[in-house]
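In what follows, a single structure is set out as structure tokens and then discussed.
Read-outs: derived from the displayed coordinates by stated rules, not from any lab. Quick caveat: nothing in here was measured; it's all calculated off a predicted structure. Cβ: placed from backbone, ideal geometry, glycine included. Neighbour counts: every protein chain shown.
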DNA sequence: TGTTAGCACTCAGGGAGATAGAGTGCTAAC
DNA sequence: GTTAGCACTCTATCTCCCTGAGTGCTAACA
């Protein structure tokens, strides 16, 4: 069987209708569409064909048709409206993002906020992932007699710190020695190479008097290194699903959705591992726990290199075209703002 | 009318029953309770009295009684079981919290996790609020030709940093000069006193050549100072409400609850402003948007001074006694761990 | 041969009515 | 003061029925 012109037209009409209403679409409703000039009976025949081809399903015999994941995929690949955003929206995005153009983190946070406001979905954004990052500074700051702050700075400008409570008070000399040993051992090394070493051994080899201090510091040091490789996740609008009738009327559905969002580390994983560029995954194209939703993500670049991501998660019946345009515009705007030689103009 | 022995007994039984089942309690159900030796008719008379006194209400004529906020208050003040936690729970808490006893932040995070696991409610915890904090170090770290990291360290050991993207490349000298000017102007001053000043003016007065740099740096500096005064909020288990039938069956109820939690800054405000000690607020004792829930919080102390808070939010029919004990034990455990002269013993 | 009108059929959703059951309040007797 | 008994109330649930939206199939039409 062939996906001829008329079948495509009908399929598109069904998808458009279902995306905006969430209700199964029947042949009579469709026949009222001025674009479609055949009768309801003909539409029914076509719909039966489309169902056989896997583009449509029924919730039950006497209900209208709803698009399958395959139909959404076809729609996204072939027919989605990818036209530009209206100027006022572009303006709004530029304005909000330029407020914070001196700070990457705040910009990312704002981007996520914008995204959920403009799409009425749940949005997320992650800070850039840095793989080959090297340690630039290691410093201990004394706080009180038994507390020090360990501060690590990477070449890429990420600064992390951790307050460490020691089991015995430190001495100035010990702390200084510790600083020196660590600087000597680790400065300029990549974070992953440091993490592969036996930290405790490094200390005890070099200076057995540091063993006590090292025992307190080592675990925090390791954890902080790990965090250096980690990304931050911003999320917004997780109660937006309640605006959709199929979620607000079905507690199981909304519960599942929210539980998906509560598992932050899993979500982070999923986002980090998505391809670059504008990526849309629909229903069964996602991992097992996300078969009921669609994700749209895009990446942004900092200095043309470091790659972060942002996007939305929501029901499969989302306005793919419009939302993609918003995500694309926001991510491009961030990339431009944080370009190496970009000149800001105001 | 008097709250005699029998009335109290009946009221207590109703509260206990309603807390565990969530269903209105009728006179016949109560008469089966072996503790209560009067007939259902007598119970009905007493219930009518209790209703008149404001301790009970009806959802409708032919339904059983449910406790009013006033009843919960009486219960919490007078009859709540405040006995100690069972040893295995204490053990579990001690163990989990001791994993991270060198790091305050991680401990607080774990405490919130524990709390939601043990109570099946939504838990939260905030890091200590520091009011009279002074700036200890101010430092700029160069990242690339147009990005620097501003790092601030307070006397209390809080370290914050912010990457700042400059509108024009900085020069080594300018950056150094900036560092010196800021150190000279602000080091050792309290954060609130710095925030009251006109930062931009400080720079231009001292060194007009810094004006360009200052324009980029000043807003980030202010924001970072503000953040110094801010607390961090950890939250866990926000989907736990779905385990309660009255929430999972009522989308409006669960939606309202989750929207309450999504407004993080408001929640932070509420928590920060609660009194010290174990504080329980029930329904209408809360602010307008929280009339339908109860909160239990307690504070923990760091070095016997800095005060942070943690607690839970949930339906009014919560197990006040048990939950209070958990919160109390966790907060005391944190306070002990971070006591000035406390010795850890392993 | 493709299109359409017509018709029988299916099924979910909603409303009406009946019923059960949990509960109340009141009264009269103990 | 306590209790048994009874009439009453109200919700929740079940059934039944109907409506309406939708389908698939068939036969006739262009």
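Things worth noting here:
- Size descriptors for the stretch A:90-186 (Cα atoms only): Rg and Dmax, in that order, 19.7, 57 Å.
- For the residues of B:139-148, the average number of beta carbons from a partner chain within 10 Å of their own beta carbon is 4.
- With its label point defined 7 Å out from Cα along the Cα-to-Cβ axis, residue A:82 lies at 6.7 nm from the matching points of the other copies, in increasing order.
- For chain A, the 222 nm mean residue ellipticity estimated from helices alone, with every DSSP H stretch of n ≥ 4 adding -39500 (n - 2.57) and the total spread over all residues, rounds to -14000 deg cm²/dmol.
- Rounded tilt (10° steps) of A:87-98 against the dominant C-alpha axis of chain A: 10 degrees
- Crossing angle, helix A:104-119 versus chain A [Cα axis fit, 0-90 degrees, rounded to tens]: 20 degrees
- The slack in the chain from residue A:195 to residue A:252, taken as 0.36 nm per residue of separation less the alpha-carbon distance, amounts to 16.3 nm.
- Across the stretch B:135-229, the relative contact order, built from alpha-carbon pairs under 8 Å that are at least six residues apart, equals 28 percent.
- Taking every Cα-Cα distance in the stretch B:135-229 and sorting them into 10 Å bins starting at zero, the pair-distance distribution P(r) comes out as 16, 56, 26, 1 percent.
- The distance between label points at residue B:184 and residue B:229 comes to 2.7 nm (points 7 Å beyond Cα on the Cα→Cβ vector).
- Sequence-separation-based contact order of chain B, relative, with Cα cut under 8 Å and 6+ spacing, percent: 18 percent
- For the listed peptides B:81-91, A:322-332, B:124-134, a ranking on the average number of other beta carbons within 10 Å per residue, highest first, reads A:322-332, B:124-134, B:81-91.
- When the inverse distances between all different Cα atoms of the protein assembly as shown are averaged and flipped, the Kirkwood radius reads 29.2 angstrom.
- The per residue volume of the convex hull around the alpha-carbon atoms of the stretch A:5-79 is 87 Å³.
- Sorted shortest first, the separations between the residue A:284 label point and its copies elsewhere in the assembly read 5.5 nm; each point sits 7 Å from Cα along the Cα-to-Cβ line.
- Across the copies of the chain, residue A:200 has label points (7 Å from Cα along Cα→Cβ) spaced 5.5 nm apart, shortest distance listed first.
- Angle between chain B longest axis and helix B:251-262 axis [Cα atoms, degrees, rounded to 10]: 30 degrees
- Exercise: per-residue mean of other protein chain Cβ atoms within 10 Å, A:151-161: 5
- Overall size of the stretch A:74-142 from C-alpha positions, given as principal axis extents largest first: 59, 31, 19 Å.
- Take each residue of peptide A:95-105, count the partner chain Cβ atoms within 10 Å of its Cβ, and average: the result is 3.
- Length released on extending from residue A:145 to residue A:171, taking residue separation times 0.36 nm less the Cα-Cα span: 8.5 nm
- Semi-axis lengths (Å, descending) of the ellipsoid that matches the C-alpha gyration tensor of chain B: 53, 21, 16
- Nearest-0.05 FRET efficiency for residue A:279 and residue A:31, computed from C-beta distance (R0 30 Å): 0.25
- Between residue B:287 and residue B:53, the FRET efficiency estimated from the beta carbon spacing at R0 = 45 angstrom works out to 0.95.
- As computed over the stretch A:189-342, the Cα convex hull volume per residue (Å³): 159 Å³
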